[in-house]
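Working notes, beginning with the structure itself.
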Amino acid sequence: MCGIVGYVGPRQAADLVLDGLRRLEYRGYDSAGIVAFDPGGPLAVVKRAGKIAVLEEALKRSPLSGRVALGHTRWATHGRPSDGNAHPHLTEDGRVAIIHNGIIENYLPLRARLTAAGHTFASETDSEVLAHLIEEHDRGDLADAVRAALREVDGAFALVAARQDASELVAARATSPMVVGLGEGETFIASDVPALLPYTRRVVFLQDGDVATVRPEGVEVTDLDGRPREVTVETIDWDAEAAEKGGWPHYMIKEIYEQPAVLQNTFGGRFAEAGDDVLLDLDLDPTEFDRVVILAAGTASYAGLVGETLLERLARIPAEVEVASEFRYRHPVVNERTLAVAVSQSGETIDTLEALREAKRGGARTLGILNAKGSSIAREVDDVLYIHAGPEIGVASTKAYVAMVAAFALLAVRFGRARGTLSSDEGRAWISELRRTPGLLEEALERHEHVHPVAEALAEVRSVLYLGRGINVASAYEGALKLKEISYLHAEAYPTGEMKHGPIALIDADTPVVAVAPKGALQAKTISNLQEVRARDGRVYAIVSDNDSDTAAHADLTLRVPACRELLSPLVVAVPMQLLAYEVGLRLGRDVDQPRNLAKSVTVE
Ligand code: M6R
């Protein structure tokens, strides 16, 4: 949440920072701003409410120059989106500037104390206290001042500070992510890797409690007490182009179409030569656990719901998904025989990170199913299963979802083989089905235009009910989430059999049902439920398998998907559901890549 970018080096810093902000806009788009300067000269600031395009226009009228700059794109927490609440925040004398991501939990007492001491605040934000605190503690060394200020502050955050006469930037991290990019005679700092990709792949991921002094020749990192910390320089293997639109109108549609290739990457090198098992390069022993707890938020939690069923069916191990934001507050029962699986695209979702920490406190062994390397969760788990989806920029998660589901399928096969619940022949059959899935998603994508009539219909209503059974209850939840995020229509999801226990009251001619109903064991029951909808004038739009004409007969419109094993069908049905949300969003004129009120990486509780 909120994107931070900083630069020190020989080039015009504001241009590079603006470019970095554009690449991080998915982290927040309520306001944006940049400070630039040459050491010794004044700090010049331009900041505006609204998206980065608004800032860009303002910068055309008032260009910024200087070899040092820091910039910010905001997802508002304290204080509405406005020019005044936009970052960077400066002290009254204009000597110190900060940008900040996260929440300062004790900002009210700090603000009261600083006000009493004569400081004047210009914004309603929690962040601004940092600028005044740094000024108060400033005895000449900016890093010392930042360290002293941070000793007074509670919360989860990341910040970068600049002082008018200092040639360096000072960055600090307390939970929220921050990465330093090392160039040739120039150094970058950013909340996330995509901001750095066009400039360098050599990075240092900051850790909690790090204070980094960023100079053109490199970075020096200490802890909060000023003790130096040895850092590791890592190389990022993502292409710069992977984070570009590459001719597509939106990141979302580009990422939907990348899914067959993403599945190949997730599977890449992970099928054993004998073809009956999966190689995951994990230290954990699947026979040491008697329970799996899956910790995740949003779309990742729906991938977890698919994973729960796969693990139970293939490996006969009890598994349950826990909504990460609730987990640590309900005194969960976990122990050494629990495997806690944290699922996250960004690896930075604070709810998931804190849930993971709670599971660790209970003694659980931990595994991350993650996309972003070097992320906070990656550093805190015992083992990682990377999904290899590449950078996901669209705020609505698409390719990461199918890659997470695929990763769970791999895990379930591995666990099943190790625990003796899958024979060698069964392992071989599952792997041969998994190998088919990239092709099945290709086929589903070729039917893109089939969603148009359904999208036309949904764009006319205000509320939609998604229904699914068995493993596709999870698909229904994910389909409804995609639709509401992208179109702002009200969408709810239920297990199909639950409908008659209440949600059926919603059904009328204006509240259609999207039935996620690929062929499965409970098809006859699904058909009865669809009849119940139609008997009440409800329209049914059904996602059905190619080989199933029975279900199609009970729908007003159908979206056909290639047939596959029921337990792998969530991968295939994801495609029409995503395309539907996208097409409805377009018809309603929504910003599908940056839907209102959302941010890609949710680093505040
Ligand atoms: O980065 P994560 O996978 O941990 O993110 C979890 C959720 O915030 C995320 O899936 C969110 O629900 C997306 N907006 C879904 O499209």
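Checking each residue in segment 498-516 for being part of a loop (DSSP other than H, G, I, E, B) and surrounded by fewer than 23 Cβ atoms within 10 Å (Cβ to Cβ) picks out GLY502, ILE507, ALA509, ASP510.
Contact map, segment 460-488: residues that are more than 16 Å from VAL573 (Cα to Cα) paired with residues that are assigned to a strand (DSSP E or B) and of a type in the set (S, T, N, Q), Cβ distance under 6 Å, separation 6+ or inter-chain. Pairs shown: SER463/THR511.
How many residues does segment 396-422 hold that are open to solvent by less than 50 Å² (accessible area, probe 1.4 Å), more than 14 Å from ARG313 (Cβ to Cβ) and of a type outside the set (A, V, I, L, M)? Of the residues in that region, 4 qualify. Meeting the requirement of 1 or more residues that are free of Cβ contacts under 8 Å to residues at least 40 places away in the same chain, closer than 30 Å to VAL293 by Cβ and under 27 Å from the mean Cα position of the chain (by Cα), the helices (runs of 4 or more DSSP H) wholly within segment 373-454 are 376-380.
In segment 577-604, the residues that are under 24 Å from ALA444 (Cα atoms) and free of Cβ contacts under 8 Å to residues at least 12 places away in the same chain form no Cβ pair under 7 Å with any partner that is open to solvent by 50 Å² or more (accessible area, probe 1.4 Å) and within 10 Å of the ligand (Cβ to nearest atom), whether six or more places apart or across chains. Among residues of segment 210-221 that are on the phi > 0 side of the Ramachandran plot and assigned to a strand (DSSP E or B), those with a Cβ under 7 angstrom from a residue that is buried (at least 20 other Cβ atoms within 10 Å of the Cβ) and of a type in the set (Ser, Thr, Tyr), sequence gap 6+ or separate chain, pair up as GLY218/THR187.
Residues that are part of a helix (DSSP H, G or I) and within 13 Å of the ligand (Cβ to nearest atom) were ranked within segment 274-306; the one that is surrounded by the fewest Cβ atoms within 10 Å (Cβ to Cβ) is THR299.
Among residues belonging to segment 151-171 that are open to solvent by 20 Å² or more (accessible area, probe 1.4 Å) and within 26 Å of the chain's Cα centre (by Cα), point out the one that is modelled with the highest pLDDT. Per the criteria, the residue is ASP154. One residue alone among ALA174, ALA190 is open to solvent by less than 20 Å² (accessible area, probe 1.4 Å) and either in contact (Cβ under 8 Å) with a residue 40 or more places away in the chain or out of contact with any Pro (no Cβ under 6 Å at 6 or more places or on another chain) (or both), and that residue is ALA190. Could we say that VAL323 is under 23 Å from the mean Cα position of the chain (by Cα), open to solvent by 40 Å² or more (accessible area, probe 1.4 Å), over 30 Å from VAL204 (Cα atoms) and within 15 Å of the ligand (Cβ to nearest atom) here? Yes, satisfied.
The values are calculated or read from the model by the stated rules, or taken from the named source; none is laboratory data. What you see is a predicted model, and the numbers here were worked out from it, not measured in a lab. FYI the Cβ positions are ideal-geometry reconstructions off the backbone, even for glycines, and counts take in every protein chain you see. What goes into the accessible areas is simple: the full protein's heavy atoms, side chains included, and nothing from ligands, DNA or RNA. Shrake-Rupley method; radii C 1.70, N 1.55, O 1.52, S 1.80 Å.
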